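These notes concern the structure reproduced below.
The values are calculated or read from the model by the stated rules, or taken from the named source; none is laboratory data. Note that the structure is a prediction, hence the values are computed from the model and not measured. Quick reminder, even Gly has a Cβ in these numbers, built from the backbone with ideal geometry, and neighbours come from all protein chains shown. Ligands, DNA and RNA are stripped out before the accessible areas are found, and what is left, the full protein with its side chains, is counted by its heavy atoms. Shrake-Rupley method; radii C 1.70, N 1.55, O 1.52, S 1.80 Å.
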Amino acid sequence: MGKFLLAILIGLVGAAIVHIAVIFAIPGLAQNDSWSRLSRLGPLFSTVQITSVPAQGADPTPGADFVFVDPAFIDVACRFDLSDAPARVRAGERTGFWSASIYARNGDNLYSISERVALEGRLDLLIGTREQLDLARAEGTESDDTAIPVELPAGEGYVTVRALVRAESERPFVDRFARSVACRPASPEESGQAATASP
């Protein structure tokens, strides 16, 4: 019976140590989520390239704030805020395979799309709240039918775009696609705010 009580006591002490360690680790982990790491790479609506953290002793590269990035892909990301207008994410170039994922500020994946279901394989997203997208549909004067409306319940978030490099000879073309990804607030014409602002 004494050994049993000793085992229970050791288990309780071990559990208490683990819980205390987790509580002390929370502030550090909270400041190192994806939103925070992306905010260190650039301001809202700036498109940044994501690369792996370099090996120990190697020169740090911009965007190297993520532990593992698949070398078969070129990854870019952009943080956005929907408080004033919807966000427009668009690529001026095309590539073989790309996928885009939209996340809430806390990291919840809210939407994903790839070139297979996008119109004409183009990356063109209009991200907004239900009210913003309804206004853009009703009052927007942009006659661009390639933008895919994406409704989000959150006011802040980020989008990641991954483009596949099938062969090293294709890397410059895929890199050109990644560099063409633009993230910006929607214009008043795109969002329908121009019609509501006019007398």
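What residues qualify as long-range amide H neighbours of Phe73, i.e. H under 5 Å apart, gap of 5 or more or another chain, H built at 1.01 Å from N?
Under 5 Å from the amide H of Phe73 lie the amide H atoms of Val165, each far enough along the sequence or on another chain.
When the convex hull of the C-alpha atoms of the range 82-155 is computed, what volume per residue in Å³ does it have?
96 Å³
Quick one: if you stick a label point 7 Å off each Cα along the C-beta vector at Ile10 and Ala104, how many nm between them?
Calculated label separation equals 4.3 nm.
Kindly write out, for the range 160-166 in residue order, the coupling ³J(HN,Hα) from the Karplus curve 6.51 cos²θ - 1.76 cosθ + 1.60 (θ = phi - 60°), rounded to whole Hz, with x marking Gly and Pro.
Coupling constants for the range 160-166: 10, 10, 10, 10, 7, 9, 6 Hz.
With +1 on the Cβ of every Lys and Arg and -1 on the Cβ of every Asp and Glu, and nothing else charged, how large is the dipole of the range 75-119 about its Cα centre, in debye rounded to the nearest 20?
Using Cβ point charges on Lys, Arg, Asp and Glu, the range 75-119 gives about 100 debye.
Would you mind calculating the gained length between Arg137 and Arg37 on full extension (0.36 nm times residue separation, minus the Cα-Cα distance), in nm to one decimal?
Difference between extended and current length: 32.6 nm.
Within the range 83-152, what whole-number % of the accessible surface is contributed by carbon and sulfur, with the 1.4 Å probe and all protein chains included in the calculation?
Result for the range 83-152: 42 percent of the exposed heavy-atom area is carbon or sulfur.
Mind listing the long-range amide H neighbours of Val150? Cut-off is under 5 Å, sequence gap 5 or more, other chains count too, H placed in the peptide plane at 1.01 Å from N.
The list, which skips near neighbours in sequence, is Leu126, Ile127, Gly128.
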